[in-house]
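The values are calculated or read from the model by the stated rules, or taken from the named source; none is laboratory data. Note that the structure is a prediction, hence the values are computed from the model and not measured. Glycine gets a Cβ as well: all are built from the backbone with ideal geometry, and neighbour counts include every protein chain shown. SASA here: full protein model, heavy atoms, side chains in, ligands and nucleic acids out. Shrake-Rupley method; radii C 1.70, N 1.55, O 1.52, S 1.80 Å.
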Amino acid sequence: MELTPSTNIAFRMKRMHGCDLATGARYVEVLFSEAIRLGVEIWFNAKATDLITGKGNEVLGVKYKRGRSYGNLLAQKGVILCTGGFAGDVNRVDRDIPKFAGLPTFASPSSRGEGLDMATRIGAATHLLDYMGAYAYGFPLDEETRRGLIFRGHVMNLYGSITLNKAGKRFINDDQNSTKVAQFLASRHERTVYQLATEAQLSDFMKNDPIQVIGWDRTKFNQEKEEGGHFINKVNSLEECASEMGGSFDTLKNTIDAYNRSVASGNDGEFGRKFMKGQFLSGPFYLFKCTPVVGITIGGLKVNRQMQVLNEYGEPISKLFAAGEVVGGLHGTSYIGGCSLAGALALGRMVGEQLAKS
């Protein structure tokens, strides 16, 4: 797999890397092929239901359901929980993270917190469960199932687009990552955020970045760009833009005039933005109506530096390890795209090497 550095507004340097096909499935494909080559036995349609414990709460293996049969799988060296979070269970999000209640989700429907539950049933400690990586620039796709998609609006801001509230005012440094914008909205009980881009800014974004909406190809995005229907409105003037937003034209115009002056001077005195490219002088403009979409749970199991799961007293639970999203605190209280993938790959490898040597 070829990894290439890419720009992310959260970092001063190119710390983020993309893979050659720009899809998450590519990582799975490479690792799966290598696992098969090495003779790893992989079970499909097999669900772990509980941990098996022995003397002193030592984890001996897992109980499982495979098809119509049930069984026990014993572990010689340990059990590694790498079952993800619970962002795919919207009812659980509503219950445990009320500030994001009601939002659509982008997470896998299978991310329902079963691994977390299995560990807590035997006394594992958790932390930061009320924190979540929600993407401010998303939109609902299916209201009945509460599925949503992520628009990479935080990346578009690299090319000069601006972030506005429903009143038509800037309210945050546009360089902030999408999670921080979502948290800001949640703290003010707001659910709608707009992005405004010139034709040149949007074109620049599309030319330099392969993905605009995660889950859509370029053809689908171009269709939305030209026809609308989900979250993009093409407007010819600021008057038309204010009308679409349902706000005051004077407020929007004052915002844009002030921002244009900041671009001209190269200094954003209001919010300290650094990525300013292009003024908003004449249409057409593209107005993106977005709502936060939950994507990843930041909280989870407490672990030590060896990724051993800890109990409520801070002691390791013998032979129980964790890696990936089921671990709490890897990201602090915010989230930057790409970091969960790095955590899963690097820490999973570390645990594997550690157990192989034991």
Cα pair distances exceeding 21 angstrom across region 227-348, given as percent: 62 percent
In order through region 159-171: 3J(HN,Hα) via Karplus (6.51 cos²θ - 1.76 cosθ + 1.60), integer Hz, x for Gly, Pro: 9, x, 5, 10, 9, 10, 8, 5, 7, x, 10, 6, 9
Reference-scaled alpha-carbon Rg (2.2 N^0.38 Å with N residues) for region 1-129: 1.34
Value at 222 nm in deg cm²/dmol, rounded to 500, when DSSP H runs of n ≥ 4 in the chain each add -39,500 (n - 2.57): -9000 deg cm²/dmol
Set of aspartates and glutamates with alpha-carbon distance to LYS234 below 18 Å, sequence-local pairs under 8 removed: GLU199, ASP204, GLU224, GLU226, GLU244
Folded to 0 to 90 degrees: helix 199-208 orientation relative to the chain principal axis, Cα: 30 degrees
Under-5 Å amide H pairs with LEU149, H placed in peptide plane, nonlocal only: PHE139, LEU141
For LEU21, distant residues with modelled amide H under 5 Å away: none
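For a distance above 12 Å, tell me the whole-number percent of Cα pairs in region 1-59 that qualify.
In whole percent, the long-distance tail amounts to 78.
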Where the chain is the region considered: accessible area per residue in Å², 1.4 Å probe: 51 Å²
Cα→Cβ-extended label distance, 7 Å offset, between MET1 and ASP257, nm: 5.1 nm
Protein accessible area in the chain, 1.4 Å probe - carbon and sulfur %: 50 percent
Residues whose placed amide H lies under 5 Å from that of ALA87, excluding near-sequence neighbours: THR297
Matching label, Rg/Rh (Cα atoms, Kirkwood Rh) computed from the structure shown, candidates [x] 1.03; [y] 0.97; [z] 0.93: [x]
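Based on the alpha carbons, how large is the Rg to Rh ratio for region 169-212 when Rh follows Kirkwood? Display every interim value, and only then the final one.
Details: Rg = 12.7 Å, Rh = 12.2 Å.
Here Rg/Rh amounts to 1.04.
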Gain upon complete extension [LEU38, GLU353; 0.36 nm per residue less C-alpha separation]: 111.9 nm
